[in-house]
Amino acid sequence: MEKTLKKENFNSLITGLKDKGYKTIAPKKDNNLITLCEIQEADEIHFDHIQTNNSIKEYFLPKTEKILSYTIEKTKVSIEEPEGFAVKSVVFGARPCDAASLPIMDKVFNWDCTDKFWIERREAITVVTIACDKCDSYCFCTSVGLAPDSKKGSDVLLTKISDDEYLVETETEKGEGLIKELETVFSEPPSGTPDRQVATVEKKFEIDKVKPWLDENFVHKIWAEFSKKCIGCGVCTFVCPTCHCFDIVDECTMAKGDRVKNWDGCQFKMFTLHTSGHNPRSTQDQRWRQRIMHKFKYYVEKFDNILCVGCGRCSRSCPADMNISEMLEIIATDEGQPEPVSSDEGQPVSKE
Amino acid sequence: MTEENKFEPRIVAFLCNWCTYAGADLAGTGRKEYQANVRVIKLPCTGGIDPLFLIKAFERGADGILVSGCHPGDCHYNSGNYHARRRWNVYKPLLEFCGINPDRIQFSWISAAEGAKWVETINGVVDTVRALGPFENYQKLNTIGSDTSVSSETG
Amino acid sequence: MIEALRKKAEELLKNKTVDVVYGYGEGSVPERTRPVFITKPEDVNKLTWNKYCVYNLTTYLKKQEARKLGKPAIVVKGCDAKTITVLIKESQLKREDIYIIGVTCTGIGDPPATKCEACDVNTPLIYDELIGEKIENKEFSFDERYAELDEYEKLSEKEKWEFWQKQFEKCIKCYACSSICPLCFCDRCIVDKNQPQWIDPSAHPRGNLSWNVTRAYHLAGRCINCEECQRVCPADIPLNLLNKKLAKETEKNFKYRSGYNADDELAMATYKEDDSEEIFK
Amino acid sequence: MDNIYTPYLMNISDVTDEAPGVRTFRLNFQNENEGKNFKFQTGQFALYSAFGYGESTFCIASSPTRKDYVECTFRQAGRVTNALSELNVGDTIGFRGPYGNVFPIEEWEGKNLVFIAGGIALPPLRSVIWNCLDLRDKYKNITIVYGAKTVADLVYKHELKEWTARDDVNLVTAVDPGGETPDWTGKVGFVPTVVEETAPDSKDTIAIVCGPPIMIKFTLPVLEKLGFKQDKVYTTLENRMKCGLGKCGRCNIGCTYICKEGPVFTAEEVSKMPDEF
């Protein structure tokens, strides 16, 4: 279904959503941050940005969520299932790359068994994206098979066609339903071909060349070379819309507690530390390799999809300016034979 | 009784084993009465009280905290309370800076002979905190989801 | 200045005074630089110096990956150099194990970082080689130094609580603040210790409060105000306000400023019999 | 929709102290129906929770042929196992599983079996040992080589006696040099050496090795020398896990997720994995 939406109608759109019982999540500026967060009015929405600081995943896989609660009474334990975590909402104005991450992660959360926390939220949330009309040098969606106006994962995609008008395209039944619910806000599609204002994102590397290289180069000096400056924090994984690793912990007083699922990241040395003290990934180069391998090799082998949407957030917010697309460019253009690790500086540091 | 009158503050007192705990003991053996709102935690020395203990006490529902040990110069371990004094001198302002009422965290030196001072001090803390009311700000700090009540449970 | 820097680095590597130079190199975009580790004299042209050299490179002294490269020379600004004084004082480093290339600095960042407003270390206080024209270091009064805190200290208790709750709520527990901090060098951080679990690992308001307060407190009397924690925070939490508040209290109470004088006793590792009794009954 | 993270509630019906810091729990389902419907196969693992402390991963140490209960053996090491060891008969623990793949014991039918275990790694093998012993006629010779640091560290002491007494099992126990007591009648030496001395015939034989990484590392070459083919040698791997379901993303070695594709692997499969364990 195609429609148009006038900027002046954003107000009625947001009010309409509220009336229909949707919670609205949209980009909002607060000091130096632009975050996807709950809004009440259309005026709060921020449009003039390349990318929000937080990714859409926060609304499907929250940074911390209760997966069960329990009460301990002497020797007996009773378990209570969390309820009401999936709230009928609309994410409005996310970027297409963010939306594309959702169907990719559906695969792991449905692998053999279904994580209901993910799936029920997926069902409850409608994603309305706005195609990017600008980009920066960190963006590389076009290099990973997406585009600034990709429809993957979006229920509805808005594309700017003039200063005050957006083309509205529905991608899913859910999106169509949403448009129908708020029919009066939208206008009929334009006649003729609209002038889509979409950014041109430069293609930086051939993604097809990445996996074959990774297949051959589990041992390579580049891992250590590139990760030397890594400080081992979790920023890249936490801002990433496709990083989904998590931790499960109990938080409890004497009698009552919650089991909680928290974001976790492969760059932390604690991530894989055994109780015995042994750590299979004890050095930063191994952890950095894991991140790249997971995204561009392991996930592809398991689920036939790369685990990256090219949003560039990890590079933008890296405290040490590690740039993932730069790494992938090197990999994709490396014609050389697998280079055995021999030089002094490329040597993976010895295990702890 | 009205709802308001019902509030009885929960005070956690971290006491050094050698002075204040003995002082509190003396108050007891001397049959001096004081308000029963205090939960005493005995530790070897004020120098060994990690600031995290205070945070944990608030997390577990304390409305006020008293840290008390030997008078300067009387430390059983020579200098433990001097170190503690330095620590609290910067920690208390930090908590205050974060919006925690300074009256909720009090410090005192009470020797083993000062049973009366213990009674006076603890009554003072209880009364001050009672006047401040429950530390709802901290107890209502959200854990996960709005229905979680873990933070207000006493542990 | 860049030429002098490269020349010095080349010389140090050539005559084997050091094995590696931690310096600044070109970044992803012109507005950024990145840490580089130069081990070969022919690579010194990768070194650069400009107003985007924000990093406090001494943080790599705690990374085994960098330490493995051998004896380092480190390019430091005046603020960063203070770290080295503290690390030596805390027995984390021996003076002779490191070569300090000090650079004179008139401010970094665009817009300039807050720390640069009342900078009194344009010329580092400690170095083996100084690059750049020596700048007479300014002096600021106590009040000037902590002027940034005024507007926050003035807030009411309720306003303070609300302000910080709003800030801490954003925390995602990525630990970039402690990972980047050159003085957060514990092998196993208190948050990673779970017997008992002192700090909730979850990024909810309760866990975030205890984490952020504890992180700041562990730097009491130690933080040298490089503001790296604040710079790297992806949630834009003004962490340095907490550090600065502690620095202010340390100076007020103990007349100690971290990193300024190698002869001073570490504030939190010592005491004076006449320390303030004000808060004790 | 079911919550995949919800554990079964189990009662501890028996507690056995095996060795210093090592305990075995016998667990029964609190809900009888769940118990009836519960099935597992040997080799699988589960996540056990001490409520208030979290979950910990270890194998199911009992044999699927022994119905009505499951057993687990753990060493007190971390937060959860320390909390578990505080629990007593009658207390409740959480049990999430079974997860992972299984020992292909049907494929082994008609063959000789050699079990080689070190220290606290006997529990995963105990499950498969009892499973095979309970189906004794299906297998030819069964040899068990088990070594621990000291005599005190040997786990399942009662069962070791039982196996010694059986004439259809050849049990070889060993302790590390210095770990023996005056009345120790077993061997003294490290497991790889003991295996070499015992020299089980590799013909028509399956070897199952489980132990600390260093033991496995030195035992595999010995087995190779004795003529065992890599695809006839089985081992179980472990890594830190949180979900056990292939979602939390930490237990992988290369492309292989231990929780889904493991924990049982042949030496051949292990040799093809990247060196990251």
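Shape of the stretch A:156-273 from its Cα gyration tensor (a ≥ b ≥ c, root eigenvalues): rounded if a/c is under 1.5, otherwise prolate when a/b > b/c, or oblate? Here the stretch A:156-273 falls in the oblate category. Footprinting exposure proxy ranking of A:His278, C:His204, fewest other C-beta atoms within 10 angstrom first, gives A:His278, C:His204.
Farthest towards the positive end of the charge dipole of the protein assembly as shown, among the residues D:Trp184, A:Ser315, D:Gly211, is the Cα of D:Trp184, using unit charges on the Cβ of Lys, Arg, Asp and Glu.
Just the number, please: percent antiparallel of the DSSP beta bridges in chain C, rounded to the nearest 5.
The antiparallel proportion sits near 45 percent.
Taking the Cα centre of the stretch D:103-205 as origin and assigning +1 to Lys and Arg Cβ atoms and -1 to Asp and Glu Cβ atoms, the resulting dipole is close to 100 debye.
Taking the Cα centre of the stretch D:160-222 as origin and assigning +1 to Lys and Arg Cβ atoms and -1 to Asp and Glu Cβ atoms, the resulting dipole is close to 200 debye.
Protection proxy ranking of A:107-117, B:91-101, by the mean of other Cβ atoms within 10 Å over each peptide's residues and highest first, is B:91-101, A:107-117. Pairs of C-alpha atoms in the stretch D:8-99 farther apart than 18 Å represent 36 percent of all such pairs. For chain D, the equivalent ellipsoid derived from the alpha-carbon gyration tensor has semi-axes of 29, 22, 19 Å in decreasing order.
Let me check against my output: what whole-number percent is the relative contact order of the stretch D:112-236, with C-alpha pairs under 8 Å and at least 6 apart? Reported relative contact order: 30 percent.
When the alpha carbon coordinates of the stretch C:13-88 are projected onto the principal axes, the ranges are 32, 31, 20 Å, largest first. The mean count of C-beta atoms from other chains within 10 Å of the C-beta of residues in C:158-171, rounded to a whole number, is 3.
Relative to 2.2 N^0.38 Å, what does the C-alpha radius of gyration of the stretch A:63-140 come to as a ratio? Two decimals please.
In units of the globular-protein estimate, the stretch A:63-140 measures up at 1.54.
Nearest 10 degrees, 0 to 90: what angle lies between the long axis of helix B:115-132 and the longest principal axis of chain B (Cα atoms)? That works out to roughly 20 degrees. Kirkwood's formula applied to the C-alpha pairs of the stretch C:2-131 gives a hydrodynamic radius of 14.7 angstrom. In the stretch A:200-324, one over the average inverse separation of all distinct C-alpha pairs is 16.2 Å, which is the Kirkwood hydrodynamic radius. Annotation: the antiparallel percentage among DSSP beta bridges lying fully within the protein assembly as shown is about 55.
Output the lone cysteines of chain B: those with no second cysteine's C-beta under 4.7 Å from their C-beta. Lone cysteines by the Cβ rule: B:Cys16, B:Cys45, B:Cys75, B:Cys98.
Hey, what did the stretch C:69-211 get for relative contact order, percent, Cα under 8 Å, at least 6 apart? Computed over the stretch C:69-211, the figure is 18 percent.
Taking all C-alpha pairs of the stretch A:250-332, those more than 22 Å from each other amount to 43 percent. Neighbour counting of Cβ atoms within 10 Å sorts the residues C:Asp110, A:Asp163, fewest neighbours leading, into A:Asp163, C:Asp110.
Determine the alpha carbon to alpha carbon distance for each of A:Lys228/C:Lys244; A:Lys23/B:Lys140; A:Lys256/C:Lys173; A:Lys116/A:Lys204 and list only those over 26 Å. Among A:Lys228/C:Lys244; A:Lys23/B:Lys140; A:Lys256/C:Lys173; A:Lys116/A:Lys204, the Cα-Cα distance tops 26 Å for A:Lys228/C:Lys244; A:Lys116/A:Lys204. Max-minus-min Cα coordinates of chain B on each principal axis give 48, 36, 24 Å, with the largest extent listed first. Take the convex hull of the alpha carbons in the stretch D:112-236; its mean projected area over all directions comes to 7.1 nm². Shape analysis of the stretch C:98-228 based on the Cα gyration tensor places the equivalent ellipsoid semi-axes at 32, 22, 12 Å, largest first. Applying a 4.7 Å cutoff between beta carbons, the unpaired cysteines of chain D are D:Cys59, D:Cys72, D:Cys132, D:Cys210, D:Cys251, D:Cys255, D:Cys259. For chain A, the fraction of C-alpha pairs more than 35 angstrom apart is 30%.
Across the alpha-carbon set of the stretch A:214-278, the Rg to Rh ratio works out to 1.10, Rh being the Kirkwood radius.
Scattering from the stretch B:13-88 was approximated by placing one identical point on each alpha carbon and applying the Debye formula without solvent; log10 I(q)/I(0) at 0.23 1/Å stands at -1.06. Average projection, convex hull of the Cα set of the protein assembly as shown: 49.3 square nanometres.
Rounded to the nearest 20 debye, the dipole magnitude of the stretch C:142-269 is 360 debye, with +1 charges on Lys and Arg beta carbons, -1 on Asp and Glu beta carbons, and the Cα centre as origin.
As an equivalent ellipsoid, the stretch D:72-186 spans semi-axes of 26, 23, 12 angstrom, where each value is the square root of five times an eigenvalue of the C-alpha gyration tensor, largest first. Residue exposure proxy: A:Ser78, A:Ser191, A:Ser137, A:Ser315, ordered by other Cβ atoms within 10 angstrom of their Cβ from fewest to most, comes out as A:Ser191, A:Ser78, A:Ser137, A:Ser315. Using θ = phi - 60° in the Karplus curve 6.51 cos²θ - 1.76 cosθ + 1.60, the 3J(HN,Hα) couplings for the stretch D:250-263 round to 10, 8, 6, 10, x, 7, 8, 8, 4, 6, 9, 8, x, x Hz; x is entered for Gly and Pro. Compactness ratio for chain C: Cα radius of gyration over 2.2 N^0.38 Å (N = residue count) comes to 1.04.
Among the residues of C:91-100, the average count of other protein chain beta-carbon atoms within 10 Å of the residue beta-carbon is 0. Quick check: the angle from helix C:2-14's long axis to the longest principal axis of chain C, C-alpha only, nearest 10 degrees? The two axes meet at around 70 degrees. With contacts taken as Cα pairs under 8 Å and at least 6 residues apart, chain C reaches a relative contact order of 15 percent. In sequence order, the stretch C:182-190 has phi-based couplings of x, 9, 8, 10, 4, 5, 10, 5, 4 Hz under the Karplus curve 6.51 cos²θ - 1.76 cosθ + 1.60, θ = phi - 60°, and Gly or Pro positions carry x.
Read-outs: derived from the displayed coordinates by stated rules, not from any lab. Just so we're clear, the structure is a prediction, and the values are computed from it rather than from any experiment. Heads up, the Cβs are rebuilt from the backbone with ideal geometry, glycines too, and the neighbour counts pull from every protein chain shown.
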